[in-house]
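Rule-based calculations on the coordinates, nothing more; no lab input. Bear in mind the structure is a predicted one, so any value in this text is a computation, not a measurement. Every residue, glycine among them, receives a Cβ derived from its backbone with ideal geometry; neighbour counts consider all protein chains shown.
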Amino acid sequence: MAAPLEAFDYHGALVVIESDAGEIVFIHPAGGTNAAPVSLPSNPCASGESPVAGAVRMAREMTGLDVAIVREFTTFIQQGTPTGTMCAHGYLARVTGGSLRDPGPEGPVRAYPVDSLPTIIPIRVANQRVLEAYLEQRGQS
């Protein structure tokens, strides 16, 4: 049985989108640097929105891609976010349609091979944790 989660202020969805070519889709939001330019599609869920629905919506809005959620592969409490304490839900998603937006509302959108992923912006700690969990489960951490 999983340990109970601590109290939190909101749910957030973080999405690892795998393309048909086996690449991972990232956004390049403002605040990135040349050394750490990217983020996963992620945000707080809207009030009353399920994390799964939020993940699908965020993927579409931020990347232009339609996705199907394959599974939730990590859940954790992330304290110290700009909007409070988040119950973070990390999802694996596969592309079902759409096309990469460039730029998207958060900046450029790019897909990268798993063996040469860029570094996530340091302040985006939950993104780092989700990507680490994803790579660990793939046996590539």
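Summary of computed values
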quantity	calculated
Residue in the range 70-98 that is surrounded by the most Cβ atoms within 10 Å (Cβ to Cβ), counting only those that are of a type in the set (Gly, Ala, Ser) and closer than 13 Å to residue 127 by Cα	90
Search result, residues across the range 86-130 that are hydrophobic (A, V, I, L, M, F, W, C), farther than 21 Å from residue 45 by Cβ and outside any strand (DSSP E or B)	100, 114, 117
From the options 61, 49, residue that is assigned to a helix (DSSP H, G or I), among the acidic types (Asp, Glu) and more than 18 Å from residue 134 (Cβ to Cβ)	61
Top-ranked residue in the range 26-43 [being over 17 Å from residue 133 (Cβ atoms) and touching a helix residue (DSSP H, G or I) at 6+ places or on another chain (Cβ under 8 Å); ranked as surrounded by the fewest Cβ atoms within 10 Å (Cβ to Cβ)]	43
